Structures are given as structure tokens and as C-alpha cells.
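Colleague: This is the structure I have questions about; it appears just below.
The values are calculated or read from the model by the stated rules, or taken from the named source; none is laboratory data. Computed from a predicted model, the values in this text were never measured in an experiment. Cβ atoms come from the backbone with ideal geometry, glycine included; neighbour counts cover every protein chain shown.
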Amino acid sequence: MTAPVDEPVLSIANLRVAFGRRSEAVRGLSLTVARGETHCMVGESGCGKSVSALSVMNLLVRGATRSADHIRFQGQDLLGLSERDMARLRGDKIAMIFQEPMTSLNPAYTIGSQLAEVFERHRRSGRRRALDRAAGLLERVGITAPGMRLGQYPHQLSGGLRQRVMIAMALMCEPELLIADEPTTALDVTVQAQILRMLQKLQHELGLALLLITHDLGVVARMADRVSVMYAGQVVESGTVPEMFAAPAHPYTQGLLACIPVPGTARTGEPLGSIPGVVPRIPPGFIGCGFRDRCAFAMPECAEPVPLRDAGGDHAYLCRLQPGWQQAAA
Amino acid sequence: MIPIPVPTARREAWRLPALRHVATLLGALIVGTAVVVAIFAPLLAPHDPFAQNLDLRLIPPVWMDGSQPAHLLGTDQLGRDYLARLIYGTRVSMLIGVLTVVTSGLIGITLGILGGFYGGWTDDAVMFLITCRLSIPLILVALTVVALVGSSLTVVILTLGLLLWDRFAVVARTTTMQVRNLDYIAAARAAGASRAHILLREVLPNIVHHLVVVATLEMALAILLEAALSFLGLGVPPPLPSWGLMIAEAKEYMFFSPWVIMIPGIALFVLVLGINLLGDGLRDMLGTRLER
């Protein structure tokens, strides 16, 4: 199974995830992640980022239904795969890191046994070889004295160390695609920076395709090649990082950027930008822009189907406003 | 940058908080003794527990007048050595306790984990079974079964084993529900673990310390129930030496030879107490280790 050279590692087309008849969490998401590329998904909580990631793994909770034109991994469509074949891919070719390092490790087993197990399962390897590989990987993710760590239990490790262990675990079988769901959100800033740098280094070394989910535009700026801004289950704006940060085209992206205080520029007393309201719950069959109830530029026609506009290059956004509207507004 | 040396590999010493608890230690001692006695009964018993000697009936134990040094705890109404019968009785009690807990544990834990993990109609079915089981009067069913099938050790074990699983199921179900939504279960699924693997290796080890406590409670209960059934003449058939049977046989002589009813009664009390003390201690120990 060799994919063509220009075939992206992951390609999602028109993904929809619904929770019964009450809400549709993802509405027609499309994105691609190429080998060696970092694709960031940004947005507030409840935008459907995690749900999208979980539906790639087919790990959605019961009651959620997913549909898509295709979810292709290395040219193979994951939609038609049986649970058994999917389980064979998980942890092997596709790995995932979760947000909460404090609870993502099983408290009943040592670090070594949890790391080794993944490798034993997918590679039919013996314990000794798996532990050797685990020790090697712990060293690569920047853990000193890996031999000692292998014999320890999760409660003996700090949050930063646990997240490193989780990353090592994800890399045990040399995956092609790594999905990281807010991997640094629960950590403090210094550890966050270390983890991100380490992740970036490993990605370059291993040629990983990285799908990074975050709500932090700072993380996007330092990590991403491409960005998809999600709002209410849709990608409202996508493009390369320079394009996006130079000229954010969707009012939501602008709002997100305005929420970040820039040290030195932000003055005390001056109100920090914020987007009023919360992400709405969108029922199936919803038409129009999902952001219209919070948007400063909303017009009656925002309740009609919204066009996807080209802002030049790979840059595209989903809004009634014409390209170049920013200048006109200013 | 100047590296700071990392402390060398030093495994945390296995802490035994139980040592602080005299009660736990006492429980462990009692249960340990019972296990040893049960296993080595033929070596420990001074006499054949079935050998009758009608010339030496109802001899009092060694601390009373009229005792005989050959019979430390005296003899029963048929002249059988009481110490030997007590020792072999340990075997019956422990056998029933352990096998009943294994049988009911297998049933209850399987049902409880399945119901708790999968929820939905699986859980409804499990809850229905538990409710059904709880509405069955335990002693009456045991009596009926024994009356229909006849009494034997196997029948008592099977009957109790098939009836005592409800608490295992309830505890396994609720604890599984607490565990199933934790991140490490999701992480295990994301790492390609199979359903069986998740239930047996991710969920079970994290609820087992709750189940150990249930196991000790059920074991004590099973031993008491066997004694009760034997007392009613529907448990272990004579002449097999069971503590309950010994009490039943002794009740006609209790006014003139009170020790014949007191000795097996005390043995029963001490063993059940020991099991319960050990259970409490184990809960503290395992609980603190896993949740520290």
C-alpha cells in the first residue's frame, strides 16, 4: 500500500458529525495534512475540534453519527474500515495525544509497562525489546534517567513529565499521523514551551504529519504551517500561517486575534478585545452563518447560505463580506 | 548550562500501612492460620475426625476437670476427638468460603463490568438480573434446592455461589461507571486496545480494590450461611465435620456440656471476624496505593 508522493497523509472531505437530532457538532469539515506538515485547528471550546479529531479515529461516543465524502489516510478510506482494522491502525499508524496528561495514564501500571504494551500489541514484539525502545523514546522526549522512569507509576510523575510520556507512547510505533488534542493546555507556560519545541523537533526528524488542536493562537504562530479556524462545526477560515496572521479575513478570526494582549502594546485600562456571547448549539438543517449572533458585521442576508471566498493563495474564508472588506471598514 | 545530577534509580520502598493497623494484622493472622490449618488438616489433626469411641463420650477440654491429655478439646457425643473435628471443619468452612466467592465473583464481576461499561440496554439487562436476584429469598432457595437435590458439599457451594453474586455485580457496575469515562480508557482505545483488553486490563485493575472488600464480606457471609444451613440439617451432610453441623449436634448437650457448642461457635466467630478485619485493612492498603 504505497500512496502517491503528492497524496496527503490525511484528507477529510465534508465531514459531518451529529448528536441525534438536537445538535450537529461538525458541519462539512474538509482539510488535508501532508507529510511533515503541521496543520492547526483553532477555535473556542465547543467548536467541534475534538469531535473532528475523534471521528478520524472513529472513537466518537455512542449516539454520535459521522458521515463524510471520505476520510482518507494514506489513500485508504477509513469510513469503510471495520472496528478491528481501525483498532489495528490506532496507536500504530495513527496516534493521538490527549489534553489531560494527569489522567491519561492508567494509575495501575508502571510507565514502562504502558509504553511497552503499545509496541507489543502492534509489533508482536517481546517485552525486552519493547522496553528498550521505550527507554530510547523517553530519552528523545527529554526525560532524564529513563531507566528509572520506566519502573515508576504515573502518580510519581509531574504533569509535564506525563505529557512527555504520552508523546513517547504515541511515537512507539513510528506513526505517520499524530493527532494532538490540546497537548499543552493543562501545562504551565515554561513546560508548554519545552513540550512544543520538543514536538516540533521530533516532527521534523520523523517526518510526521501533525494535526494539532489548540485554542491558543500563540501556539499556532510558532507551530503551524497551515491553519483552519473552526467555528460552530465549520472551518470559517483556512490558509497558511503568514496569510492568516497578515490579513485575517473572517470577523471571527479577527475577534480571536483581538483577544490576545500583546506585551508592550496593550495598555492598562484599555479594554481587551473580546467576542460577546458563547458558541451556539447548531441543530441539523441550520442555514446561514453560525457566527451571525455574535458578529459586529452581521446583516439580514447572513441568514442565507454563505459563500466560500478566495482571499488569494491558499487563503479562503466563509463569509458574505467581499475580499478586501477590512480596508474598506478601516 | 550546568546539569544538576538526577537522583539515581531508587524504587519507592513498598509501604505497608497495614503494619500500623494491629487489627489488620490480627485479621491476616487469623485468616492465615485458617488457611494453613485447612490445607494441612491431615497432618495437624491428632485423631481421625470420624473415629467414634462410645466409651469416651463428652470428655471436657483440657482446662476443665475430668479432661484427658489425649483429647485437648475433649470429645463430642459420639466420642470423636473435638480438636480433630474442629480442624477438619476449618477445611469445610474455608473451602466453602473460597469456592463460593470465586463462583459468585466470576458471575457478579462479569455482569457488573459489562453493564457498567456498555450502559444502555446491556446495563438495563444487568440491572434487571440484579433486581431479580435481590428479590429471591436466599435461605429459602438454598433450603429448597438442598431439599430437592439432596445435601452435599458441592450443592451447598454451587447454591451459595449462584446466589451471592449480587453485591459483586452492584459494586463492579458502579465502580466501572466511574472509571469508564476517564482519559486513560480513551487513551487506551486511541492506542488500538481491543474491547477485551480494555475491560480486563484497564478497567478491572482499577476497581479491584473495591472488589476485594466485597470478596471478604461475601466470604464471611458464605461461611455463616453454610453454618446456618448445616445447623438446619440442610447443609453439609454428617458425618462430615462442619462447624455449623457441630453446633447443631451439640445443641442437645449444651446444658450439661456447654463447651461442645461454645468451641465451634467461637471458632466461627473468630474466623468471620478475622476475614472482616482483613477486608477492612486490604481496602485501606490498596485504596491508598492506587489513589495516592
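Colleague: So the check is Cβ under 6 Å with 6+ separation or different chains; which pairs have a first residue in segment A:284-298 that's closer than 26 Å to residue A:65 by Cβ and a second one that's of a type in the set (Gly, Ala, Ser)?
Modeller: Pairs that qualify, where the first residue is closer than 26 Å to residue A:65 by Cβ and the partner is of a type in the set (Gly, Ala, Ser), are A:284/A:18; A:288/A:303; A:290/A:232.
Colleague: Residue by residue through segment A:84-136, note down the ones that are among the basic types (Lys, Arg) and either touching a strand residue (DSSP E or B) at 6+ places or on another chain (Cβ under 8 Å) or not assigned by TED's automatic domain parsing to the domain that holds residue A:52 (or both). Break it down into steps so the answer makes sense when it comes.
Modeller: Taking segment A:84-136 first, the residues among the basic types (Lys, Arg) are A:84, A:88, A:90, A:93, A:121, A:123-124, A:127-129, A:133.
A:90, A:93, A:121, A:123, A:124, A:127, A:128, A:129, A:133 - these are the residues of segment A:84-136 that are among the basic types (Lys, Arg) and either touching a strand residue (DSSP E or B) at 6+ places or on another chain (Cβ under 8 Å) or not assigned by TED's automatic domain parsing to the domain that holds residue A:52 (or both).
Colleague: Against the conditions (1) within 10 Å of chain B (Cβ to nearest Cβ); (2) β-branched (Val, Ile, Thr); (3) in a helix (DSSP H, G or I), where does residue A:190 fall short? Just the number, please.
Modeller: Only one criterion is unmet by residue A:190, namely (1).
Colleague: Spot the failing condition for residue B:79; the list is (1) exposed (fewer than 14 other Cβ atoms within 10 Å of the Cβ); (2) over 22 Å from residue B:153 (Cα atoms), and only one is missed.
Modeller: The failed condition is (1).
Colleague: Let me ask you something else. When only residues in segment A:84-110 that are at the interface with chain B (Cβ under 9 Å from one of its Cβ atoms) and in a helix (DSSP H, G or I) count, which is surrounded by the fewest Cβ atoms within 10 Å (Cβ to Cβ)?
Modeller: A:84
Colleague: Residues A:120, A:100: which one is in contact with a helix residue (DSSP H, G or I) (Cβ under 7 Å, 6 or more places away or on another chain), closer than 21 Å to residue B:193 by Cβ and free of Cβ contacts under 8 Å to residues at least 12 places away in the same chain?
Modeller: Values: A:100 fails: free of Cβ contacts under 8 Å to residues at least 12 places away in the same chain.
So the residue among A:120, A:100 that is in contact with a helix residue (DSSP H, G or I) (Cβ under 7 Å, 6 or more places away or on another chain), closer than 21 Å to residue B:193 by Cβ and free of Cβ contacts under 8 Å to residues at least 12 places away in the same chain is A:120.
Colleague: Given (1) part of a loop (DSSP other than H, G, I, E, B); (2) buried (at least 23 other Cβ atoms within 10 Å of the Cβ), identify the lone condition not met by residue B:96.
Modeller: (1)
Colleague: Restricting to segment A:117-150, give me the number of residues that are within 12 Å of chain B (Cβ to nearest Cβ) and buried (at least 23 other Cβ atoms within 10 Å of the Cβ).
Modeller: Residues that pass the stated criteria total 4.
Colleague: Restricted to segment B:27-73, and to residues that are touching a residue at least 60 places away in the same chain (Cβ under 8 Å) and among the aliphatic types (A, V, I, L, M), which residue is surrounded by the most Cβ atoms within 10 Å (Cβ to Cβ)?
Modeller: For segment B:27-73, the residue satisfying everything is B:73.
Colleague: So, of the residues in segment B:180-196 that are among the charged types (D, E, K, R) and more than 7 Å from chain A (Cβ to nearest Cβ), which turns out to be farthest from the chain's Cα centre (by Cα)?
Modeller: Applying the first criterion (among the charged types (D, E, K, R)) to segment B:180-196 yields B:180, B:183, B:189, B:195.
Now narrow it down to the ones that are more than 7 Å from chain A (Cβ to nearest Cβ): B:180, B:195.
On the way: B:180: 28, B:195: 31 Å.
My answer is B:195.
Colleague: Kindly indicate whether residue A:79 is in contact with a Lys or Arg (Cβ under 9 Å, 6 or more places away or on another chain), within 14 Å of chain B (Cβ to nearest Cβ) and either in a loop (DSSP other than H, G, I, E, B) or farther than 16 Å from residue B:192 by Cα (or both). Walk me through how you get there before you give the answer.
Modeller: Numbers: in contact with a Lys or Arg (Cβ under 9 Å, 6 or more places away or on another chain): yes; within 14 Å of chain B (Cβ to nearest Cβ): no; either in a loop (DSSP other than H, G, I, E, B) or farther than 16 Å from residue B:192 by Cα (or both): yes.
Considered against the rule, which asks whether it is in contact with a Lys or Arg (Cβ under 9 Å, 6 or more places away or on another chain), within 14 Å of chain B (Cβ to nearest Cβ) and either in a loop (DSSP other than H, G, I, E, B) or farther than 16 Å from residue B:192 by Cα (or both), residue A:79 comes out as no.
Colleague: Sticking with this structure for a sec: All but one of (1) polar (S, T, N, Q); (2) free of Cβ contacts under 8 Å to residues at least 60 places away in the same chain; (3) touching a strand residue (DSSP E or B) at 6+ places or on another chain (Cβ under 7 Å) hold for residue A:190; which doesn't?
Modeller: (3)
Colleague: Quick one: count up the residues across segment A:61-97 that are in contact (Cβ under 8 Å) with a residue 24 or more places away in the chain and either closer than 21 Å to residue A:171 by Cβ or not small (Gly, Ala, Ser) (or both).
Modeller: Step one: filter segment A:61-97 for residues in contact (Cβ under 8 Å) with a residue 24 or more places away in the chain, giving A:63-76, A:83, A:86, A:88, A:90-97.
Now drop any that are not either closer than 21 Å to residue A:171 by Cβ or not small (Gly, Ala, Ser) (or both), which leaves A:65-66, A:69-74, A:76, A:83, A:86, A:88, A:90-97.
Of the residues in that region, 20 qualify.
Colleague: When both residues are 6+ apart or on different chains and their Cβ atoms are under 9 Å apart, which pairs have a first residue that lies in segment A:308-326 and is over 18 Å from residue A:245 (Cβ atoms), and a second that is β-branched (Val, Ile, Thr)?
Modeller: Listed pairs, sorted by first residue: A:318/A:235; A:318/A:236; A:318/A:306; A:320/A:306.
Colleague: Suppose the filter is polar (S, T, N, Q), in a loop (DSSP other than H, G, I, E, B), under 24 Å from the mean Cα position of the chain (by Cα) and farther than 26 Å from residue A:14 by Cβ; does residue A:185 pass it?
Modeller: Details: polar (S, T, N, Q): yes; in a loop (DSSP other than H, G, I, E, B): yes; under 24 Å from the mean Cα position of the chain (by Cα): yes; farther than 26 Å from residue A:14 by Cβ: yes.
It is true that residue A:185 is polar (S, T, N, Q), in a loop (DSSP other than H, G, I, E, B), under 24 Å from the mean Cα position of the chain (by Cα) and farther than 26 Å from residue A:14 by Cβ.
Colleague: Residues in segment A:202-230 that are assigned to a strand (DSSP E or B) and of a type outside the set (Ser, Thr, Tyr): how many? It would help to see each step written out before you state the result.
Modeller: Going residue by residue through segment A:202-230, those that are assigned to a strand (DSSP E or B) are A:209-214, A:226-230.
Adding the requirement that they be of a type outside the set (Ser, Thr, Tyr) leaves A:209-213, A:226-227, A:229-230.
Going through segment A:202-230 one residue at a time, the tally reaches 9.
Colleague: All but one of (1) part of a loop (DSSP other than H, G, I, E, B); (2) in contact with a Cys (Cβ under 9 Å, 6 or more places away or on another chain) hold for residue A:313; state the number of the condition that does not hold.
Modeller: (2)
Colleague: Separate question: How do the pairs read when you match residues in segment A:215-236 that are farther than 13 Å from residue A:253 by Cα and in contact (Cβ under 8 Å) with a residue 40 or more places away in the chain with residues anywhere that are in a strand (DSSP E or B) and among the acidic types (Asp, Glu), using Cβ under 7 Å and keeping only pairs 6 or more apart or on different chains?
Modeller: A:233/A:24
Colleague: Tell me whether segment A:198-205 contains one or more residues that are of a type in the set (Lys, Arg), farther than 25 Å from residue A:48 by Cβ and assigned by TED's automatic domain parsing to the domain that holds residue A:48. Break it down into steps so the answer makes sense when it comes.
Modeller: Within segment A:198-205, the subset of a type in the set (Lys, Arg) is A:201.
Of the ones still in play, those that are also farther than 25 Å from residue A:48 by Cβ are A:201.
Narrowing further to those that are assigned by TED's automatic domain parsing to the domain that holds residue A:48: A:201.
Looking for residues that are of a type in the set (Lys, Arg), farther than 25 Å from residue A:48 by Cβ and assigned by TED's automatic domain parsing to the domain that holds residue A:48, one finds at least one in segment A:198-205, hence yes.
Colleague: Scanning segment B:136-179 for residues that are among the polar types (S, T, N, Q) and more than 17 Å from residue B:92 (Cβ to Cβ), which turns out farthest from the chain's Cα centre (by Cα)? Let's see the steps before the verdict.
Modeller: Looking only at segment B:136-179, we keep the residues that are among the polar types (S, T, N, Q), and these are B:144, B:151-152, B:154, B:159, B:174-176, B:178.
Then keep just the ones that are more than 17 Å from residue B:92 (Cβ to Cβ); that gives B:144, B:174-176, B:178.
Values: B:144: 23, B:174: 22, B:175: 21, B:176: 23, B:178: 26 Å.
Of everything passing the filter in segment B:136-179, B:178 is farthest from the chain's Cα centre (by Cα).
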